[in-house]
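Notes for the one structure printed next.
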Amino acid sequence: MPFPIKVCTVCGEEFELRPGKPGFANRCPACSEPDSDEPISGSKQNKTDREGNAARRSAIRDLLYRKDS
């Protein structure tokens, strides 16, 4: 039984939809590959997450425990 032929929504080329194909069912394998031009380093990402969480915590604390004047 042949695999169904699909048309990629990104580039418009036809491809066979095979079981176990990584990515989306409506994109060809070339368009399904993730862009890895500039990978985010773990330490840089963790630093921004920590800074964002700290700012979020302080904003919530200010809203919850703000003294009414």
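The values are calculated or read from the model by the stated rules, or taken from the named source; none is laboratory data. Since the structure is predicted, the reported quantities are computational estimates derived from the model, not experimental observations. Don't worry about glycine lacking a Cβ; one is built from the backbone with ideal geometry, like all the others, and counts go over all protein chains shown.
Going through region 1-31 one residue at a time, which ones are outside any loop (DSSP other than H, G, I, E, B) and aliphatic (A, V, I, L, M)? Give the derivation first.
To start, the set of residues in region 1-31 that are outside any loop (DSSP other than H, G, I, E, B) comprises 5-7, 14-16, 29-31.
Answer for region 1-31, where residues must be outside any loop (DSSP other than H, G, I, E, B) and aliphatic (A, V, I, L, M): ILE5, VAL7, ALA30.
Hey, does region 22-42 have a residue that's among the basic types (Lys, Arg) and modelled with pLDDT under 85? Talk me through it step by step, then tell me what you get.
Here is the first cut: in region 22-42, the ones among the basic types (Lys, Arg) are 27.
Pick out the ones that are also modelled with pLDDT under 85 and you get none.
No, region 22-42 contains no residue that is among the basic types (Lys, Arg) and modelled with pLDDT under 85.
Within region 2-21, which residues are surrounded by 11 or more Cβ atoms within 10 Å (Cβ to Cβ) and hydrophobic (A, V, I, L, M, F, W, C)? Working first, answer last.
Let us first name the residues in region 2-21 that are surrounded by 11 or more Cβ atoms within 10 Å (Cβ to Cβ), namely 3, 6-11, 13, 15-17, 21.
Of everything in region 2-21, those that are surrounded by 11 or more Cβ atoms within 10 Å (Cβ to Cβ) and hydrophobic (A, V, I, L, M, F, W, C) turn out to be PHE3, VAL7, CYS8, VAL10, CYS11, PHE15, LEU17.
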